[in-house]
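This report refers to the structure that appears directly beneath it.
The values are calculated or read from the model by the stated rules, or taken from the named source; none is laboratory data. Just so you know, these numbers come straight off a predicted model, no measurement behind them. Here the Cβ positions follow ideal geometry from the backbone for every residue, glycine too, while neighbour counts run over all protein chains shown.
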């Protein structure tokens, strides 16, 4: 890999060690700290021997050798190995196989793997005794071509069966006599013990009695502990059962709400209250165990066969999908085309059409310009409160930058006020030269209209917007400031209930316009 | 706040780097499973109460999963289409003259496109065929193909300062850092135990990446010491679909999730969640922060709505 040799000089960490090809590129392309740049985005860790050895063990495992190389690499990458470590492990793996591989190491892993898997799986129970025959089989198998692997697999199975039977017979013959011997020994021991006991005298009796008592006490303790554990488990199960019940109840509610939504879909007023309700339910459902959802989520995201059978459709997946989504998935799985799909020709009418020349010069990005654009910084300066509350055309004129857009940038004034309340002091004073931070804007007046709209009925809200803009704003704005504070700080949960219905009604009106 | 109702399920929104009031929305019919797609170019109204204007709309045979504005041409857009093609549109030309180009090399759905903000001449496409391709606007074929991931690549993002460096996020649970001058990836971040759906670079610290995953968390990594994340942001209830660093504040990032919320985080702060918006009624799948207007956010979801609002305000307010 080309990155290999590049990495080694970078490991030393000095710019001087950088190959010369970096320098001209850096000079040409990058600015500030250019010489150190490429080294930062490269793994400069030395190869970790332990990781490489773990990887080699992993790769030497017969089951692993049956999998495609890309998955093996992917697994190691997910475990945190660097490219160099993975390459090193791959290099080492063929050297460590037990059977001597004379030739054809790279094509063989496939055949060896499949043959090995079969004998290994069948001899699982007889692992210790069958290890030798399996080893022999594997060595026999590995030196052959893939074509013959079925025959050799059959040989392997047959041989194993014979050896298994042989070992079984052997063991039977070995075990039974041993068992009998052991029984006899025990019996004889007991007889001896009885004799010994009468001979040993009271001390031995006392000792045995004490030992028996201690054993009994220990057993009692163990019994107690296990009893406690059982109790706690029972309790846990109870709680879990209750939790499941509660979740079921929530599910039921959700289902009923979703059906209600379906019914009310046509009505304009539905979305507001129900969406908030749904959201709360979703919040409650979050506590469902993660594991199956992670899997379901992954399946959904994979969508490896979008047009055929999409994965993740067997279970509802992690996040609750809309009902129409499930319907469409089912339709597609059946092979039907959804009715609303049209045939559209989206190919370029003139593939060789010239790309038009740009009309505007590109703008510098905020993070590129260390110096703030002076006009905009003045705009965002936190002015006195009295001025700040005023939303007038003059400010628009200042804000409106040179691009010639006539649109009054109402959206520009609305910088976050809430989260920066505690940082006001910093911001009011020195305007940072860097554009990284800009002092917050007071809440704009337009929000006052929103606040009005929330409190008053729909029609009135519309009139409010168009009519007097000089209404007493300050109190409204402070109220609304508090509301916004609540809104953002509490994550919107509290105030959505109040706001959503009013908001959505106005929203719907806006949409209809 | 302006709200746009699209005919199809929303998949992605991007603000224009040239016009403060312009944004593009990528939508797909039938949740993107099977159906047509449409690319909208929208203009925000001058007054708050007015509706969003649609400057242009381009229909596609298959769903549009992502859109990127050109950094060199003010009206050029790149669309990532579910049939594996990447299409170039010019919003200044009528629909009959569009698309300008259709680049069809990916063999599976193209999930993400990103335009180079420093060099301004090239863009990346990430697709479910496990590859990332590098293109320039003037060439009909891809310049480079990066094939290393073991599964679908869900996102690719250019480094904001280094014109040759980009990162990709994949369903094989790794994120990779690449340099276009190198044949293979230069760094592998085994960032999560589940699929990584999105990633973005910190605009003010070019060594910091945020990855968003199916495991509901966002992890912030420093590529200089990438074994342990700088921060783990938990709070979403379901998989996090998209993550975007603020162009104005170095530690601020926005995310949207299948839990229908858009969240704002400050990863350098103990209590990282700084804002949460639950305006969507279906999966929130697209979020963007404006480069030209500080604090302006846009989001879209499967509820077919595009919201644009200022951080700290209510997206649903008129």
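Assorted remarks:
- Given (1) touching a strand residue (DSSP E or B) at 6+ places or on another chain (Cβ under 9 Å); (2) within 29 Å of residue B:41 (Cβ to Cβ); (3) in a loop (DSSP other than H, G, I, E, B); (4) within 8 Å of chain A (Cβ to nearest Cβ), index of the condition residue B:313 fails: (1)
- Filter pass, residue B:205 being out of contact with any helix residue (DSSP H, G or I) (no Cβ under 9 Å at 6 or more places or on another chain) and surrounded by fewer than 24 Cβ atoms within 10 Å (Cβ to Cβ): yes
- Of all residues making up the range B:37-82, the number that are within 11 Å of chain A (Cβ to nearest Cβ), over 18 Å from the mean Cα position of the chain (by Cα) and over 24 Å from residue B:118 (Cβ atoms): 16
- Options A:307, A:317; residue that is more than 7 Å from every other protein chain (Cβ to nearest Cβ), closer than 30 Å to residue A:262 by Cβ, at pLDDT below 85 and outside any helix (DSSP H, G or I): A:317
- On the stretch given as the range B:267-310, residues that are free of Cβ contacts under 8 Å to residues at least 60 places away in the same chain and either more than 8 Å from every other protein chain (Cβ to nearest Cβ) or in a loop (DSSP other than H, G, I, E, B) (or both) total 15.
- If you go through the range B:84-114 and keep only what is farther than 22 Å from residue B:17 by Cα, facing chain A (nearest Cβ under 9 Å) and within 21 Å of the chain's Cα centre (by Cα), you end up with B:85, B:102, B:108, B:109.
- Hey, residue B:235 more than 8 Å from chain A (Cβ to nearest Cβ), in contact with a strand residue (DSSP E or B) (Cβ under 7 Å, 6 or more places away or on another chain) and on the phi > 0 side of the Ramachandran plot or not: yes
- Of the criteria (1) within 17 Å of residue A:319 (Cβ to Cβ); (2) more than 9 Å from chain A (Cβ to nearest Cβ), which one residue B:263 fails: (2)
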